[in-house]
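Okay, structure first, notes after.
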Amino acid sequence: MKAKTKVRTSAYRKRDYQAFLYLLPWILGFSLLQLYPFISSLFYSFTDYQITSKPVWAGLKNYINLFTTDSEFTNSLKVTITYTLYTVPGKLIMALAVAVFLNRNIKGINLIRTLYYIPSLFGGSVATAILWKLLFLDNGVINALLTTLHLPNIQFWGNPKTALPTICALEIWQFGSSMVMFLAALKNVPTDLYEAAAIDGAKPVQQFFRITIPQITPIIFFNLINQTITALQNFTSAFVITNGGPMKSTYVLGMKLYKEGFSYFKMGYASAISWVMFVIIMVVTLILFRSSSMWVHYADE
């Protein structure tokens, strides 16, 4: 028995080594490309680091400057919060509305679903941002349509009041991934609930808010978390379309971080901004998770 146990133990350890070797490329990639930059950025955030010179310890100087003397950071924070408050609810509402519409057995519905999902395949891409910029130029397609309808043209990119909402519209338009998840959730809602509600005289609107919404709250919560994190990290659309203008009205935190790190080469200051972003995202995520117990309903509860 002891011999058999020894053989089994050695064989088990051998399989362990083999598994470790298979995992080694991922472990090295994670350690070098994610874990090391993550930890080093925390260290650099407490230093005066100019890339070309060695980092010099500065303590809390970068963080104090961010919240006391850097009005540009305060503006970027406001713009990012405004952008998030526009895009996240807008995208979720659009995605759910289209999912409800597509949750029907009609001819050609699969093609329609595919067409609605296509914009999300290019989500966050430079090409999509450039196309959106061209559509809303002063002499672009949208203003041409307004002229045809004898309506006044709108200066979408030159007006601080319209630039950010127009960029938000780009994000809201790319609702395909959330829509697919909502559609899958709607397919899993038991039909007998609707039948029982119809017998009791519940109207479609009442069924939607009393049955559909409670049944899909886990997916609503999942999409809310993902879209909030994505919105708080936005960079591409603002950088490509307006470069933060006009008058810093679209200057999100992602752009502030980029400018400080790669235009002014203040890597220590940029690292401090990145950690502020990380803390904001973490706090918002924790708040959402804490509130989920009050409105998210799971099947086993």
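Solvent exposure of the stretch 205-292, expressed per residue, is 46 Å² of accessible area, with all protein chains present and a 1.4 angstrom probe.
Just the protein heavy atoms count here, and of the accessible area of the chain at 1.4 Å, carbon and sulfur take up 68 percent. Neighbours of Leu60 by Cβ distance under 15 Å: Lys/Arg scored +1, Asp/Glu scored -1, total -1. A Förster radius of 30 Å combined with the Cβ-Cβ distance from Trp26 to Phe235 puts the calculated FRET efficiency at roughly 0.70.
Each Lys and Arg Cβ is given +1 and each Asp and Glu Cβ -1; about its Cα centre, the chain then shows a dipole of about 1140 debye. For the stretch 84-179, the relative contact order works out to 48 percent when only alpha carbon pairs closer than 8 Å and six or more residues apart are counted.
Extent of the stretch 161-301 along its three principal axes (Cα atoms, max minus min coordinate, largest first): 67, 31, 22 Å.
The alpha-carbon positions of the chain define a convex hull whose volume is 260 Å³ per residue. Extension gain for His150-Glu195 works out to 11.3 nm (0.36 nm per residue, less the C-alpha to C-alpha distance).
Here r is the Cβ-Cβ distance between Ile109 and Leu35 and R0 is 45 Å; the resulting FRET efficiency, rounded to 0.05, is 0.50.
For the stretch 199-301, with the dipole built from +1 on Lys and Arg beta-carbon atoms and -1 on Asp and Glu ones, taken about the Cα centre, which of Phe235, Gln206, Met294 lies farthest toward the positive end? Ranked along the dipole, the leading option is Phe235.
Our summary gives the stretch 232-301 a relative contact order of 22 percent, counting only alpha carbon pairs under 8 angstrom and 6 or more residues apart. So what is the relative contact order for the chain, in percent, with contacts set as C-alpha pairs under 8 Å and at least six apart? About 28 percent, as a whole number.
A Förster radius of 41 Å combined with the Cβ-Cβ distance from Ile213 to Asp16 puts the calculated FRET efficiency at roughly 0.30. Based on alpha-carbon centroids, what's the gap between the stretch 187-243 and the stretch 249-265 in Å, whole number please? Going from one Cα centre to the other spans 33 Å. Span-like helix criteria (full DSSP H runs; alpha carbon extent of at least 30 Å along the helix axis; mean Kyte-Doolittle hydropathy of at least 0.0) are satisfied in the chain by 71-102, 267-295.
The values are calculated or read from the model by the stated rules, or taken from the named source; none is laboratory data. Please read all numbers here as calculations on a predicted model, not as lab measurements. Note: ideal-geometry Cβ built from the backbone for every residue, glycine included; neighbour counts use all protein chains shown. Ligands, DNA and RNA are excluded from the accessible area calculation, which covers all protein heavy atoms including side chains. Shrake-Rupley method; radii C 1.70, N 1.55, O 1.52, S 1.80 Å.
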